[in-house]
Amino acid sequence: MSGVSDSATTVIGLLHPGEMGAAVGRCLTEAGHRVLWAAEGRGPDTAARAAAAGLEDAGTVAALAARSAVILSICPPHAALDVAWAVHGFGGLYVDANAVAPGTAAEAARLICETGGRYVDGGIIGPPPARPGSTRLYLSGSNAAEVAGLFAGTALDVRVIAGTATAASAVKMAYAGWTKGTAALLLAVRGLAREQGVEDALLAEWALSQPDLVKRSAGAAASAAAKGWRWVGEMEEIGAAMSAAGLPDGFHQAAAEIFRRSPRGAAGPDLLDQVLDEITGDSAAM
């Protein structure tokens, strides 16, 4: 299919229904659209999310692309270009809603547009959308308003912004550069204090002058254990965006390393200790 249907129902391919993708897909199915996914190579957890969101299995990515007027890419940042390449030759409207640098978004746009497809850049801020007001999808590019219309009346707050064709990715990079970058920084400085034997003194000073940081550092540890593996690529993309803008990329390359070291799936009352031990290297000595 080559264009968005003039009817109220549009066939949309979703690559892929992770936690965020499935929630966005549910917004579209609840708006009356048919949303396809591709089960080939995906696991049972993905299949369960897709079923709960009302998605239809097209079987393969190629079959999904052949049947869709719109493809919505929501995947970990490191896979964004692979997903765009997997549908190379798609002639419809491709929405890249991944946490990637503007330069990466521009490369995805080239892959789509060189064979006659149309491209819209996107960036999602907030949790998987479940209620109005919680989550925003920023869109940019000449076809952005067309995509925004698909989400009318849904829980996802869609905002079309002016600027370059990859402005939405720039917003995402700047926003996550602070929120996730500072989470990594908190873990790093608390790890430093622990390694130097002054963690108790730091926590006492935080209680006096920065009372929210104790709770925030614990929250950063929980997030790093649950999602840090996905944030490595995002921090690297932010570093690339910084470098392309003539800014130092070291902040976010270091943040990527903090998340890379974080123990995936760590849990329990000693979660913070597990994370700090991993990022400082103490776990290897235990």
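The values are calculated or read from the model by the stated rules, or taken from the named source; none is laboratory data. Predicted, not measured: the structure shown is a model, and the values here were computed from it. Every residue, glycine among them, receives a Cβ derived from its backbone with ideal geometry; neighbour counts consider all protein chains shown. Just the protein is used for accessible areas: all its heavy atoms, side chains included, with ligands, DNA and RNA removed. Shrake-Rupley method; radii C 1.70, N 1.55, O 1.52, S 1.80 Å.
Kindly indicate whether A167 is touching a residue at least 40 places away in the same chain (Cβ under 8 Å), within 17 Å of E237 (Cβ to Cβ), surrounded by 15 or more Cβ atoms within 10 Å (Cβ to Cβ) and not hydroxyl-bearing (S, T, Y). In short, yes.
Does any residue of the stretch 31-38 turn out to be over 30 Å from G177 (Cα atoms), without any contact (Cβ under 8 Å) to a residue 40 or more places away in the chain and touching a Pro at 6+ places or on another chain (Cβ under 6 Å)? Yes, the conditions are met somewhere in the stretch 31-38. Check the stretch 232-242 and report whether any residue there is open to solvent by 60 Å² or more (accessible area, probe 1.4 Å) and farther than 16 Å from R260 by Cβ. There is no residue in the stretch 232-242 that is open to solvent by 60 Å² or more (accessible area, probe 1.4 Å) and farther than 16 Å from R260 by Cβ.
Before we move on, is S134 closer than 26 Å to W231 by Cα, open to solvent by 10 Å² or more (accessible area, probe 1.4 Å) and assigned to a loop (DSSP other than H, G, I, E, B)? Taking the combined requirement at face value, the residue satisfies it. Listed by position, the strands (runs of 3 or more DSSP E) contained in the stretch 1-83 that have at least 3 residues being within 26 Å of A101 (Cα to Cα) and open to solvent by less than 30 Å² (accessible area, probe 1.4 Å) are 11-15, 70-73. Just to be sure before I move on: is R159 among the basic types (K, R), under 19 Å from the mean Cα position of the chain (by Cα), on the phi < 0 side of the Ramachandran plot and in a loop (DSSP other than H, G, I, E, B) in the structure I sent? Criteria not met by R159.
Condition (residue is under 18 Å from the mean Cα position of the chain (by Cα), basic (K, R) and over 19 Å from V95 (Cα atoms)) applied to the stretch 179-200: is it met by at least one residue? Explain how you work it out, then say what you get.
Within the stretch 179-200, the subset under 18 Å from the mean Cα position of the chain (by Cα) is 179-184.
With basic (K, R) added as a condition, the list becomes 180.
Of the ones still in play, those that are also over 19 Å from V95 (Cα atoms) are 180.
Yes; the residues of the stretch 179-200 include at least one that is under 18 Å from the mean Cα position of the chain (by Cα), basic (K, R) and over 19 Å from V95 (Cα atoms).
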